[in-house]
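Structure first, then comments.
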Amino acid sequence: MHVRGACATRRRIATPQTQTPTQSQVVNCAAYAGGCKVGDVAIPDISEVLKVEGQFVWIGLHEPSEELLRQIQEEFGLHDLAVEDAHNAHQRPKMEEYRDSLFIVLRTARLAESGPEFGETHVFVGPRYVVTVRHGPSLTYADVRARCESTPHLLSKGPGFVLYAIMDFVVDHYFPIVDDFEERLQALEDEIFDGNFDRGTTGRIYELKRQLVSVKRAVSPLTDICNRLVRFDMAFIPETTRPYFRDVYDHVVRINESIDSLRELLTTALEANLSLVSVQQNEVTKKLAAWAAILAVPTAIAGIYGMNFEHMPELGWRYSYGVVMGMIVATCGVLYWRFRRSGWL
(Lines give C-alpha, C1' and ligand atoms only; values in the text may rest on other atoms or scores of the structure.)
Protein backbone atom coordinates (compact mmCIF):
# COMPACT_ATOMS: atom_id res chain seq x y z
CA MET A 1 0.00 0.00 0.00
CA HIS A 2 2.86 2.37 0.76
CA VAL A 3 4.36 1.71 -2.68
CA ARG A 4 1.06 2.37 -4.47
CA GLY A 5 0.70 5.62 -2.56
CA ALA A 6 4.15 6.63 -3.70
CA CYS A 7 3.16 5.84 -7.28
CA ALA A 8 0.16 8.10 -7.01
CA THR A 9 2.30 11.10 -6.02
CA ARG A 10 4.64 10.93 -9.01
CA ARG A 11 4.55 13.88 -11.37
CA ARG A 12 3.96 13.74 -15.11
CA ILE A 13 7.05 14.39 -17.16
CA ALA A 14 5.68 15.36 -20.54
CA THR A 15 2.46 14.69 -22.33
CA PRO A 16 2.05 15.46 -26.03
CA GLN A 17 -0.84 17.83 -26.55
CA THR A 18 -1.50 17.02 -30.21
CA GLN A 19 -1.15 13.78 -32.10
CA THR A 20 0.99 13.80 -35.22
CA PRO A 21 1.29 10.99 -37.81
CA THR A 22 4.51 9.92 -36.12
CA GLN A 23 2.94 9.89 -32.68
CA SER A 24 0.02 7.80 -33.98
CA GLN A 25 2.52 4.93 -34.34
CA VAL A 26 3.52 5.29 -30.69
CA VAL A 27 1.21 3.08 -28.62
CA ASN A 28 2.61 4.22 -25.30
CA CYS A 29 5.71 5.92 -23.96
CA ALA A 30 6.21 6.31 -20.21
CA ALA A 31 8.90 6.58 -17.59
CA TYR A 32 9.05 4.37 -14.48
CA ALA A 33 10.95 4.62 -11.23
CA GLY A 34 10.78 2.41 -8.15
CA GLY A 35 8.14 0.24 -9.78
CA CYS A 36 5.80 3.19 -10.36
CA LYS A 37 4.83 5.08 -13.46
CA VAL A 38 6.34 8.55 -13.31
CA GLY A 39 4.48 9.87 -16.33
CA ASP A 40 4.13 9.88 -20.10
CA VAL A 41 7.13 11.00 -22.08
CA ALA A 42 7.36 12.80 -25.41
CA ILE A 43 9.86 11.20 -27.79
CA PRO A 44 12.14 14.29 -28.03
CA ASP A 45 12.38 14.29 -24.20
CA ILE A 46 13.48 10.67 -23.84
CA SER A 47 17.22 11.35 -23.75
CA GLU A 48 16.68 13.92 -20.98
CA VAL A 49 14.51 11.52 -18.97
CA LEU A 50 17.19 8.82 -19.17
CA LYS A 51 19.60 11.13 -17.39
CA VAL A 52 17.49 10.97 -14.21
CA GLU A 53 18.93 8.37 -11.86
CA GLY A 54 16.73 5.36 -11.09
CA GLN A 55 14.33 5.78 -14.03
CA PHE A 56 13.75 3.72 -17.15
CA VAL A 57 11.58 4.33 -20.20
CA TRP A 58 9.18 1.82 -21.74
CA ILE A 59 7.94 2.69 -25.22
CA GLY A 60 5.69 0.64 -27.47
CA LEU A 61 5.59 1.12 -31.24
CA HIS A 62 3.29 -0.40 -33.86
CA GLU A 63 4.65 -0.69 -37.41
CA PRO A 64 6.67 2.52 -37.13
CA SER A 65 8.06 4.37 -40.10
CA GLU A 66 11.77 4.46 -40.81
CA GLU A 67 11.86 8.11 -39.77
CA LEU A 68 10.38 7.33 -36.36
CA LEU A 69 12.77 4.41 -35.84
CA ARG A 70 15.74 6.64 -36.63
CA GLN A 71 14.47 9.13 -34.08
CA ILE A 72 14.14 6.37 -31.50
CA GLN A 73 17.64 5.18 -32.40
CA GLU A 74 19.09 8.60 -31.68
CA GLU A 75 17.30 8.88 -28.33
CA PHE A 76 18.39 5.44 -27.07
CA GLY A 77 21.61 4.92 -29.03
CA LEU A 78 20.42 1.73 -30.71
CA HIS A 79 22.62 -0.26 -33.10
CA ASP A 80 22.14 0.27 -36.85
CA LEU A 81 21.76 -3.44 -37.66
CA ALA A 82 19.12 -3.96 -34.98
CA VAL A 83 17.15 -0.93 -36.16
CA GLU A 84 17.32 -2.16 -39.74
CA ASP A 85 15.95 -5.57 -38.70
CA ALA A 86 13.18 -3.93 -36.68
CA HIS A 87 12.14 -1.84 -39.67
CA ASN A 88 12.23 -4.61 -42.29
CA ALA A 89 10.61 -7.27 -40.05
CA HIS A 90 10.28 -10.84 -41.38
CA GLN A 91 13.06 -11.96 -39.06
CA ARG A 92 13.52 -15.34 -37.44
CA PRO A 93 13.25 -15.48 -33.63
CA LYS A 94 16.66 -14.61 -32.21
CA MET A 95 18.58 -12.69 -29.58
CA GLU A 96 21.58 -10.51 -30.35
CA GLU A 97 23.73 -8.52 -27.97
CA TYR A 98 25.04 -5.09 -28.92
CA ARG A 99 27.38 -3.51 -26.39
CA ASP A 100 25.14 -2.77 -23.41
CA SER A 101 21.81 -3.67 -25.04
CA LEU A 102 19.86 -6.66 -26.25
CA PHE A 103 17.84 -7.06 -29.43
CA ILE A 104 15.27 -9.86 -29.31
CA VAL A 105 12.92 -10.96 -32.07
CA LEU A 106 9.75 -12.82 -31.07
CA ARG A 107 7.15 -14.38 -33.33
CA THR A 108 3.69 -13.64 -32.00
CA ALA A 109 0.65 -15.75 -32.84
CA ARG A 110 -3.08 -15.51 -32.44
CA LEU A 111 -5.83 -17.98 -33.24
CA ALA A 112 -7.97 -17.36 -36.32
CA GLU A 113 -10.63 -19.42 -38.08
CA SER A 114 -8.19 -20.75 -40.66
CA GLY A 115 -5.44 -21.41 -38.10
CA PRO A 116 -2.74 -19.36 -36.37
CA GLU A 117 -1.81 -15.93 -37.67
CA PHE A 118 1.75 -14.78 -37.06
CA GLY A 119 3.22 -11.39 -36.34
CA GLU A 120 6.52 -10.12 -35.01
CA THR A 121 7.66 -8.21 -31.96
CA HIS A 122 11.13 -6.69 -31.82
CA VAL A 123 12.33 -5.82 -28.34
CA PHE A 124 15.24 -3.52 -27.52
CA VAL A 125 16.36 -3.86 -23.90
CA GLY A 126 18.96 -1.71 -22.21
CA PRO A 127 19.89 -0.89 -18.63
CA ARG A 128 17.31 1.91 -18.57
CA TYR A 129 14.88 1.31 -21.41
CA VAL A 130 12.59 -1.15 -23.16
CA VAL A 131 11.41 -0.55 -26.73
CA THR A 132 8.89 -2.89 -28.38
CA VAL A 133 8.15 -2.76 -32.10
CA ARG A 134 5.14 -4.74 -33.33
CA HIS A 135 4.54 -5.87 -36.90
CA GLY A 136 1.69 -7.80 -38.44
CA PRO A 137 -1.28 -9.38 -36.63
CA SER A 138 -0.54 -9.42 -32.92
CA LEU A 139 -2.21 -8.55 -29.67
CA THR A 140 -1.51 -5.25 -28.00
CA TYR A 141 0.71 -5.24 -24.93
CA ALA A 142 -1.64 -2.99 -22.98
CA ASP A 143 -2.50 -5.91 -20.71
CA VAL A 144 1.20 -6.55 -20.10
CA ARG A 145 1.77 -2.93 -19.17
CA ALA A 146 -1.26 -2.93 -16.85
CA ARG A 147 -0.09 -6.15 -15.21
CA CYS A 148 3.38 -4.73 -14.60
CA GLU A 149 2.02 -1.46 -13.24
CA SER A 150 -0.25 -3.39 -10.85
CA THR A 151 2.79 -5.12 -9.30
CA PRO A 152 5.24 -2.31 -8.41
CA HIS A 153 7.44 -4.63 -6.35
CA LEU A 154 8.12 -6.63 -9.54
CA LEU A 155 8.28 -3.71 -11.94
CA SER A 156 10.93 -2.17 -9.69
CA LYS A 157 13.28 -4.88 -10.97
CA GLY A 158 13.56 -2.77 -14.11
CA PRO A 159 13.68 -3.55 -17.85
CA GLY A 160 14.57 -7.19 -17.14
CA PHE A 161 11.17 -7.85 -15.61
CA VAL A 162 9.42 -6.01 -18.46
CA LEU A 163 11.20 -8.27 -20.94
CA TYR A 164 10.03 -11.32 -18.98
CA ALA A 165 6.43 -10.05 -18.93
CA ILE A 166 6.46 -9.54 -22.71
CA MET A 167 7.97 -12.95 -23.43
CA ASP A 168 5.59 -14.66 -21.01
CA PHE A 169 2.64 -12.93 -22.71
CA VAL A 170 3.82 -14.02 -26.17
CA VAL A 171 4.49 -17.63 -25.15
CA ASP A 172 1.22 -18.05 -23.24
CA HIS A 173 -0.75 -17.21 -26.39
CA TYR A 174 0.63 -20.36 -28.02
CA PHE A 175 -1.23 -22.61 -25.57
CA PRO A 176 -4.71 -21.93 -27.08
CA ILE A 177 -3.22 -22.64 -30.50
CA VAL A 178 -1.86 -25.99 -29.34
CA ASP A 179 -5.25 -26.81 -27.78
CA ASP A 180 -6.94 -25.98 -31.09
CA PHE A 181 -4.52 -28.29 -32.92
CA GLU A 182 -5.39 -31.10 -30.51
CA GLU A 183 -9.12 -30.62 -31.12
CA ARG A 184 -8.63 -30.57 -34.88
CA LEU A 185 -6.47 -33.70 -34.68
CA GLN A 186 -9.17 -35.47 -32.67
CA ALA A 187 -11.74 -34.54 -35.30
CA LEU A 188 -9.46 -35.89 -38.05
CA GLU A 189 -8.95 -39.16 -36.16
CA ASP A 190 -12.71 -39.59 -35.80
CA GLU A 191 -13.09 -38.88 -39.49
CA ILE A 192 -10.40 -41.39 -40.43
CA PHE A 193 -11.73 -44.28 -38.36
CA ASP A 194 -15.47 -43.81 -38.94
CA GLY A 195 -15.15 -45.73 -42.22
CA ASN A 196 -16.07 -42.86 -44.56
CA PHE A 197 -12.85 -42.24 -46.44
CA ASP A 198 -12.39 -38.92 -48.18
CA ARG A 199 -9.53 -37.59 -50.25
CA GLY A 200 -10.01 -34.25 -48.48
CA THR A 201 -8.91 -35.85 -45.20
CA THR A 202 -5.37 -36.23 -46.51
CA GLY A 203 -5.34 -32.56 -47.52
CA ARG A 204 -6.54 -31.47 -44.08
CA ILE A 205 -3.88 -33.56 -42.38
CA TYR A 206 -1.19 -32.02 -44.57
CA GLU A 207 -2.49 -28.49 -43.88
CA LEU A 208 -2.41 -29.15 -40.13
CA LYS A 209 1.16 -30.45 -40.40
CA ARG A 210 2.16 -27.36 -42.33
CA GLN A 211 0.71 -25.08 -39.66
CA LEU A 212 2.46 -27.09 -36.94
CA VAL A 213 5.77 -26.59 -38.71
CA SER A 214 5.15 -22.83 -38.73
CA VAL A 215 4.44 -22.85 -34.99
CA LYS A 216 7.52 -24.99 -34.39
CA ARG A 217 9.70 -22.49 -36.23
CA ALA A 218 8.30 -19.67 -34.12
CA VAL A 219 8.61 -21.39 -30.73
CA SER A 220 11.70 -23.57 -31.00
CA PRO A 221 14.29 -20.73 -31.01
CA LEU A 222 12.82 -19.39 -27.76
CA THR A 223 14.43 -22.30 -25.92
CA ASP A 224 17.90 -20.99 -26.72
CA ILE A 225 16.88 -17.40 -26.00
CA CYS A 226 15.58 -18.29 -22.53
CA ASN A 227 18.69 -20.34 -21.80
CA ARG A 228 20.92 -17.40 -22.67
CA LEU A 229 18.88 -15.01 -20.55
CA VAL A 230 19.13 -17.36 -17.58
CA ARG A 231 22.79 -18.35 -17.89
CA PHE A 232 24.66 -15.39 -19.31
CA ASP A 233 25.72 -12.53 -17.08
CA MET A 234 23.95 -9.37 -18.21
CA ALA A 235 24.01 -6.34 -15.96
CA PHE A 236 20.52 -5.14 -16.84
CA ILE A 237 19.02 -8.63 -16.25
CA PRO A 238 19.32 -8.82 -12.44
CA GLU A 239 19.81 -12.14 -10.72
CA THR A 240 16.39 -11.85 -9.06
CA THR A 241 14.72 -11.70 -12.48
CA ARG A 242 16.34 -14.81 -13.97
CA PRO A 243 14.01 -17.32 -12.24
CA TYR A 244 11.16 -15.72 -14.17
CA PHE A 245 12.86 -16.57 -17.45
CA ARG A 246 13.14 -20.17 -16.25
CA ASP A 247 9.34 -20.11 -16.00
CA VAL A 248 9.11 -18.95 -19.62
CA TYR A 249 11.59 -21.66 -20.55
CA ASP A 250 9.37 -24.31 -18.94
CA HIS A 251 6.38 -23.07 -20.93
CA VAL A 252 8.38 -23.11 -24.16
CA VAL A 253 9.52 -26.68 -23.47
CA ARG A 254 5.92 -27.77 -22.85
CA ILE A 255 4.75 -26.19 -26.09
CA ASN A 256 7.62 -27.74 -28.05
CA GLU A 257 6.88 -31.17 -26.60
CA SER A 258 3.19 -30.81 -27.43
CA ILE A 259 4.01 -29.78 -31.00
CA ASP A 260 6.39 -32.72 -31.44
CA SER A 261 3.73 -35.12 -30.12
CA LEU A 262 1.11 -33.64 -32.44
CA ARG A 263 3.44 -33.94 -35.42
CA GLU A 264 4.06 -37.62 -34.63
CA LEU A 265 0.35 -38.25 -34.21
CA LEU A 266 -0.39 -36.47 -37.48
CA THR A 267 2.23 -38.56 -39.26
CA THR A 268 0.64 -41.69 -37.80
CA ALA A 269 -2.83 -40.44 -38.76
CA LEU A 270 -1.67 -39.80 -42.32
CA GLU A 271 -0.17 -43.28 -42.57
CA ALA A 272 -3.31 -44.81 -41.04
CA ASN A 273 -5.51 -42.91 -43.49
CA LEU A 274 -3.46 -44.06 -46.47
CA SER A 275 -3.40 -47.63 -45.14
CA LEU A 276 -7.17 -47.69 -44.61
CA VAL A 277 -7.72 -46.27 -48.09
CA SER A 278 -5.50 -49.03 -49.49
CA VAL A 279 -7.38 -51.64 -47.47
CA GLN A 280 -10.68 -50.31 -48.79
CA GLN A 281 -9.36 -50.44 -52.34
CA ASN A 282 -8.19 -54.01 -51.78
CA GLU A 283 -11.63 -54.95 -50.48
CA VAL A 284 -13.25 -53.51 -53.58
CA THR A 285 -10.70 -55.30 -55.77
CA LYS A 286 -11.41 -58.63 -54.04
CA LYS A 287 -15.15 -58.22 -54.49
CA LEU A 288 -14.73 -57.42 -58.16
CA ALA A 289 -12.42 -60.40 -58.61
CA ALA A 290 -14.88 -62.72 -56.82
CA TRP A 291 -17.84 -61.64 -58.92
CA ALA A 292 -15.71 -61.88 -62.07
CA ALA A 293 -14.85 -65.50 -61.14
CA ILE A 294 -18.52 -66.32 -60.49
CA LEU A 295 -19.69 -64.76 -63.74
CA ALA A 296 -16.88 -66.51 -65.65
CA VAL A 297 -18.64 -69.89 -65.17
CA PRO A 298 -21.89 -69.12 -67.03
CA THR A 299 -19.93 -67.07 -69.55
CA ALA A 300 -17.65 -70.04 -70.33
CA ILE A 301 -20.50 -72.53 -70.60
CA ALA A 302 -22.63 -70.19 -72.68
CA GLY A 303 -19.63 -69.55 -74.90
CA ILE A 304 -19.12 -73.25 -75.52
CA TYR A 305 -22.71 -73.89 -76.45
CA GLY A 306 -22.90 -70.74 -78.46
CA MET A 307 -20.33 -71.88 -81.03
CA ASN A 308 -23.10 -73.38 -83.21
CA PHE A 309 -21.28 -76.56 -84.18
CA GLU A 310 -23.53 -79.04 -86.01
CA HIS A 311 -22.33 -82.17 -84.22
CA MET A 312 -22.75 -81.46 -80.50
CA PRO A 313 -24.36 -84.46 -78.77
CA GLU A 314 -25.92 -82.39 -76.01
CA LEU A 315 -27.92 -80.29 -78.45
CA GLY A 316 -30.24 -83.14 -79.25
CA TRP A 317 -30.72 -84.40 -75.71
CA ARG A 318 -34.11 -83.68 -74.19
CA TYR A 319 -32.80 -82.68 -70.72
CA SER A 320 -29.66 -80.85 -71.82
CA TYR A 321 -30.99 -77.32 -71.15
CA GLY A 322 -32.05 -78.11 -67.58
CA VAL A 323 -28.80 -79.93 -66.80
CA VAL A 324 -26.66 -77.10 -68.12
CA MET A 325 -28.63 -74.46 -66.22
CA GLY A 326 -28.48 -76.53 -63.04
CA MET A 327 -24.75 -76.98 -63.44
CA ILE A 328 -24.31 -73.21 -63.88
CA VAL A 329 -26.38 -72.40 -60.80
CA ALA A 330 -24.66 -75.05 -58.68
CA THR A 331 -21.16 -73.99 -59.70
CA CYS A 332 -21.90 -70.30 -59.13
CA GLY A 333 -23.46 -71.14 -55.76
CA VAL A 334 -20.40 -73.08 -54.63
CA LEU A 335 -18.08 -70.27 -55.73
CA TYR A 336 -20.23 -67.67 -53.98
CA TRP A 337 -20.18 -69.72 -50.74
CA ARG A 338 -16.43 -70.15 -50.88
CA PHE A 339 -15.76 -66.46 -51.55
CA ARG A 340 -18.22 -65.46 -48.83
CA ARG A 341 -16.52 -67.75 -46.37
CA SER A 342 -13.06 -66.35 -47.17
CA GLY A 343 -14.28 -62.74 -46.73
CA TRP A 344 -14.08 -61.70 -50.34
CA LEU A 345 -17.82 -61.03 -50.52
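The values are calculated or read from the model by the stated rules, or taken from the named source; none is laboratory data. Remember, it's a predicted structure, so these values are computed and weren't measured experimentally. Ideal geometry is used to build each Cβ from the backbone, glycine not excepted, and the neighbour counts take in all protein chains shown. Each accessible area value is taken on the protein alone, full model and side chains, heavy atoms only, with ligands, DNA and RNA left out. Shrake-Rupley method; radii C 1.70, N 1.55, O 1.52, S 1.80 Å.
Annotation for E182 and D100: the two label points, set 7 Å from Cα along the Cα-Cβ direction, are 4.6 nm apart. Its Cα centre serving as origin, segment 213-345 has a Cβ charge dipole (Lys and Arg +1, Asp and Glu -1) of approximately 280 debye. In the chain, Cα pairs under 8 Å separated by at least six residues give a relative contact order of 12 percent.
Measuring nothing but how far apart in sequence close Cα pairs (under 8 Å, 6+ apart) lie, relative to its length, segment 211-345 scores a relative contact order of 24 percent. Taking the charge dipole of segment 227-299 about its Cα centre, with +1 at Lys and Arg Cβ atoms and -1 at Asp and Glu Cβ atoms, the residue from F245, A290, L276 reaching farthest to the positive side is A290.
For V52, no residue has an amide H sitting under 5 Å from its own, ignoring neighbours fewer than 5 places away on the same chain, with H placed 1.01 Å from N.
The figure for R204 is an accessible area of roughly 100 square angstrom, using a 1.4 Å probe on the protein chains alone.
Comparing F232, Y174, V83 along the charge dipole axis of the chain, the residue lying farthest to the positive side is Y174, per the Cβ-charge model.
Basic side chains Lys and Arg get +1 at the Cβ, acidic Asp and Glu get -1 at the Cβ, and with that the dipole of the chain about its Cα centre reaches some 680 debye.
Per-residue SASA remark: K216, around 40 Å² accessible (1.4 Å probe; ligands, DNA and RNA not included). Using the Cβ-Cβ distance between E66 and A42 with R0 = 22 Å, the FRET efficiency computed as 1/(1 + (r/R0)^6) comes to roughly 0.65.
Rounded to the nearest 20 debye, what is the charge dipole size of segment 72-161 about its Cα centre when +1 sits on each Lys and Arg Cβ and -1 on each Asp and Glu Cβ? Roughly 360 debye, rounded to the nearest 20. On the basis of the beta-carbon distance and an R0 of 51 Å, E207 and C332 show a calculated FRET efficiency of 0.60.
Scanning residues 5 or more positions from A109 or on other chains, those with amide H under 5 Å from its amide H are G119, with H placed 1.01 Å from N in the peptide plane. Surface composition of segment 41-150: carbon and sulfur make up 46 percent of the accessible area, probe 1.4 Å. Of the listed values [x] 124, 38, 33; [y] 124, 52, 47; [z] 78, 44, 38, identify the label whose number matches Cα extents along the principal axes in Å calculated from this model. Evaluating Cα extents along the principal axes in Å on these atoms matches [x].
Can you tell me the FRET efficiency between L111 and E74 if r is taken as the Cβ-Cβ distance and R0 is 45 Å, rounded to the nearest 0.05?
Working: r = 38 Å, r/R0 = 0.85.
Here the calculated transfer efficiency is 0.75.
Given the options V323, V277, V297, which has the most mean-square fluctuation in a GNM of the chain, springs set between C-alpha atoms less than 10 angstrom apart? Largest GNM mean-square fluctuation: V323. Here the extension length gained between H90 and R318 equals 72.9 nm, from 0.36 nm per residue of separation less the Cα-Cα distance.
Centroid-to-centroid, using Cα positions, segment 125-144 and segment 59-73 are 12 Å apart.
For the chain, what does the accessible surface come to per residue with a 1.4 Å probe? Please give it in Å². Mind dumping the intermediate values first?
Details: 18730 Å² over 345 residues.
Result: 54 Å² per residue.
Of the complete DSSP H runs in the chain, those spanning 18 angstrom or more by Cα along the long axis with a mean Kyte-Doolittle score not below 0.0 are 159-172, 242-305, 320-342.
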